[in-house]
1. Taking a point 7 angstrom from the Cα of HIS23 along the C-beta vector, which residues in region 35-70 have backbone N less than 20 Å away?
2. Across the chain, what fraction of all alpha-carbon pairs, as a whole percent, falls in each successive 10 Å bin from zero upward?
3. Label LEU43 and GLU66 with points 7 Å out from Cα along Cα→Cβ: what is the distance between them in nm?
4. Pick out, from VAL50, GLY15, VAL36, the residue whose Cα sits farthest towards the positive end of the charge dipole of region 1-70, with +1 on the Cβ of Lys and Arg and -1 on the Cβ of Asp and Glu.
5. If you keep only loop residues by DSSP, which GluC sites (Glu not before Pro) in region 14-82 have at most 16 other Cβ atoms within 10 Å of their Cβ?
6. How high is the relative contact order of the chain, in percent, counting Cα pairs under 8 Å that sit 6 or more residues apart?
7. Quick one: what are the phi-derived ³J(HN,Hα) couplings along region 67-82, Karplus 6.51/-1.76/1.60 with θ = phi - 60°, whole Hz, x for glycine and proline?
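Only the coordinates and a few stated rules stand behind these numbers; no lab work does. This one's a predicted model, so the numbers in the text were calculated from it and none came from an experiment. Quick reminder, even Gly has a Cβ in these numbers, built from the backbone with ideal geometry, and neighbours come from all protein chains shown.
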Amino acid sequence: MGEGGHAAVFVDRDGTLIRDVGHLCRQEQLEILPKVSKALRLLREKGYKVVVITNQSVIARGGLTESLLADIHRELLGRLAR
């Protein structure tokens, strides 16, 4: 890594941060997996940037809008921050 670069960890949302429920469509379905908050905190303390990735085909299928997905992600971030 070059000077000034940042190490990063990319984590998948479903099955890594939260319980994989198939096609998550509602905030009520969010369930953060045990020890996730602690693990993310340790990564950040070690200087890693944490990037969450997710592939939400449910949007293309019409089961969820991008706006509702953004709401779900805001809720997830809020819960992790607490």
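1. 54-70
2. 16, 47, 26, 10, 1
3. Using points 7 Å along Cα→Cβ, the separation is 2.5 nm.
4. Farthest along the dipole direction, towards plus: VAL36.
5. Working: sites: GLU28, GLU31, GLU45, GLU66, GLU75; in loops: GLU31.
Those satisfying the criteria are GLU31.
6. Details: 64 pairs, mean separation 29.7, N = 82.
With pairs under 8 Å counted, the relative contact order is 36 percent.
7. Here the 3J(HN,Hα) series is 5, 5, 4, 4, 4, 4, 5, 4, 4, 4, 4, x, 5, 5, 5, 6 Hz.
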